[in-house]
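Note sheet for the following structure.
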Amino acid sequence: MISFPNAKINIGLYITEKRSDGFHNLETVFFPVGWSDALEIATSDEVQFSSGGIHISGDPESNLVMKAYRLLKRDFSLPALKIHLHKQIPFGAGLGGGSADGAFMLSLLNKQFELNLSGEELEQYAAQLGSDCPFFIRNKPVFASGRGEIMELIELSLNGMFILLVKPPVEVATAKAFQFVVPANPEISLKTLIQLPVQEWKDKITNQFEPSVFQQYPEIADVKQSMYDFGAAYASMSGSGSCVFGLFYKLSDGWKSLFPAPFLTFSQKIEIV
């Protein structure tokens, strides 16, 4: 069985406070986008993990796909599996690719082996994998708070607009990004601001990581400015990573000459049901 774990963007990101457990509370809107990996499982005589596409380094057991498998295997009688992950969502980009892989593995196992886990139960398992993982169980636009695991479905239709994602050849370490952020509550809740027309977001919805990250990596700031110069209605860094997304009412192919290799890019017309 195969599935296609998709990425997400953060529309607005505010770090509201540092928690006693070392994590941070935040406000953000998670929005799914079509940049996807491919995840395939098949029964086997022994557990095997392989990967293709973007190179995945480190111990396979540390990959969230394997952690998801081990997590459910503790509670259910799962067979040995041959698992293959074709990686296309870049690392260090703020797109949640690893979180998506882990969450989609939970859903894939639930469906393939008829575990009959509800969406709420899957989210509880996903929360054990990482703060962003529960979102990918719902995979619909949500207002998120807490560590990102407290989610509220919102009415947010960008249908008919175009999205362009561009990752320059740098990676931003999440821990380093948090070092320079001073927690603060937004004057107006993001849950209110997100209801404004997209063309009004530019001066009202921000990502708190941008000032410090742009100072360390000016090439990321340049991508954002290039998007506005090319006609974006709104552009922002996603999460704490190096990917910048732009929302456009019209998008010609001219952007391809602006962001040649080694930039990694993805574009699509938005159609979220």
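Given the residues SER3, SER36, SER50, which is the only one that is more than 27 Å from LYS140 (Cα to Cα) and surrounded by 12 or more Cβ atoms within 10 Å (Cβ to Cβ)?
On the way: SER3 fails: more than 27 Å from LYS140 (Cα to Cα); SER36 fails: more than 27 Å from LYS140 (Cα to Cα).
Going through SER3, SER36, SER50 in turn, just one is more than 27 Å from LYS140 (Cα to Cα) and surrounded by 12 or more Cβ atoms within 10 Å (Cβ to Cβ): SER50.
Since LEU108 meets every condition but one in (1) under 17 Å from the mean Cα position of the chain (by Cα); (2) crowded, with 20+ Cβ neighbours inside 10 Å, which condition does it not meet?
The number of the failed condition is (1).
List pairs: first residue in segment 99-125 and in contact (Cβ under 8 Å) with a residue 60 or more places away in the chain, second residue assigned to a helix (DSSP H, G or I) and charged (D, E, K, R) anywhere in the structure, Cβ distance under 8 angstrom, at least six positions apart or on different chains.
Final answer for the pair search is none.
Identify, from the list GLY102, GLY94, GLY98, GLY148, the residue that is buried (at least 24 other Cβ atoms within 10 Å of the Cβ) and under 11 Å from the mean Cα position of the chain (by Cα). Walk me through it before giving the result.
Values: GLY102 fails: under 11 Å from the mean Cα position of the chain (by Cα); GLY98 fails: buried (at least 24 other Cβ atoms within 10 Å of the Cβ); GLY148 fails: under 11 Å from the mean Cα position of the chain (by Cα).
Answer to the check: GLY94.
Here are the criteria: (1) assigned to a loop (DSSP other than H, G, I, E, B); (2) β-branched (Val, Ile, Thr); (3) buried (at least 17 other Cβ atoms within 10 Å of the Cβ). Tell me which single one VAL166 does not satisfy.
Just one mismatch for VAL166, condition (1).
For every residue, the table says whether it meets (1) buried (at least 21 other Cβ atoms within 10 Å of the Cβ); (2) assigned by TED's automatic domain parsing to the domain that holds PHE263; (3) assigned to a helix (DSSP H, G or I); (4) not basic (Lys, Arg).
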site	(1), (2), (3), (4)
VAL182	no, yes, no, yes
GLU187	no, yes, no, yes
GLN199	no, yes, yes, yes
ILE205	yes, yes, no, yes
GLN215	no, yes, yes, yes
GLN225	no, yes, yes, yes
SER240	yes, yes, no, yes
LEU247	yes, yes, no, yes
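Please work out which residue is surrounded by the most Cβ atoms within 10 Å (Cβ to Cβ), limiting yourself to segment 228-238 and to residues that are of a type in the set (A, V, I, L, M) and more than 20 Å from the chain's Cα centre (by Cα). Steps first, answer last, please.
Residues of segment 228-238 that are of a type in the set (A, V, I, L, M), as a first pass: 232-233, 235, 237.
Then keep just the ones that are more than 20 Å from the chain's Cα centre (by Cα); that gives 232-233.
Working: ALA232: 25, ALA233: 20.
Across segment 228-238, the extreme among qualifying residues is ALA232.
Picking from SER257, SER252, which residue would you name as being assigned to a helix (DSSP H, G or I) and farther than 28 Å from ALA175 by Cβ? Don't jump to the end; show me each part of the working.
Numbers: SER252 fails: assigned to a helix (DSSP H, G or I).
One residue alone meets the criteria, SER257.
The values are calculated or read from the model by the stated rules, or taken from the named source; none is laboratory data. As the structure is a prediction and not an experimental result, all values here were calculated from the model. Glycine also receives a Cβ, built like all others from the backbone with ideal geometry; neighbour counts cover every protein chain displayed.
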